[in-house]
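Right, one structure below, let's go through it.
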Amino acid sequence: MTERHVYIQGVILNEETRCSLTDLCSLCGVSAEIIHEMIDEGIITPEGPSTLEWRFTSVAIKRVQTTMRLQRDLRINLPGCALALDLLDELEELRRLSLRR
């Protein structure tokens, strides 16, 4: 019987993590055009005055990855993804508040 090995590769992110538009596209496997559409829809917000100076937080990376999964798995359009992400954020906040009590 042969042994099977599975290797998982990842990037560790923290709250101070900032990445460029190119890095975000690479990390999430999407084009800059898709990122621009997500910005227009309010899914993510870049920091910085111009496209060349834009920086994105680890939260933006997570939101882009979640959006891509929602589109792929559930075929939700970008406005629907924006709504779903807002609802998920509210749910997370409510859970966090209930744990404090």
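Computed values, structure above
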item: Magnitude of the charge dipole, the chain, Cβ model with Lys/Arg +1 and Asp/Glu -1, debye to 20; result: 460
item: Solvent-accessible surface (1.4 angstrom probe) belonging to Leu88, in square angstrom, nearest 10; result: 90
item: In range of the label at Arg55: residues from segment 18-45 whose backbone nitrogen is under 11 Å from the point 7 Å along Cα→Cβ; result: 18-20
item: Per residue, the convex hull volume that the Cα atoms of the chain enclose (Å³); result: 171
item: Calculated FRET value between Ala32 and Thr2, using beta carbons and R₀ = 35 Å, to 0.05; result: 0.25
item: Segment 16-86: relative contact order in percent, alpha carbon pairs under 8 Å with at least 6 residues between; result: 34
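The values are calculated or read from the model by the stated rules, or taken from the named source; none is laboratory data. Everything numeric in this text was worked out from a predicted model, so none of it was measured. FYI the Cβ positions are ideal-geometry reconstructions off the backbone, even for glycines, and counts take in every protein chain you see. We work out accessible area using only protein heavy atoms, side chains counted, and drop any ligands, DNA or RNA first. Shrake-Rupley method; radii C 1.70, N 1.55, O 1.52, S 1.80 Å.
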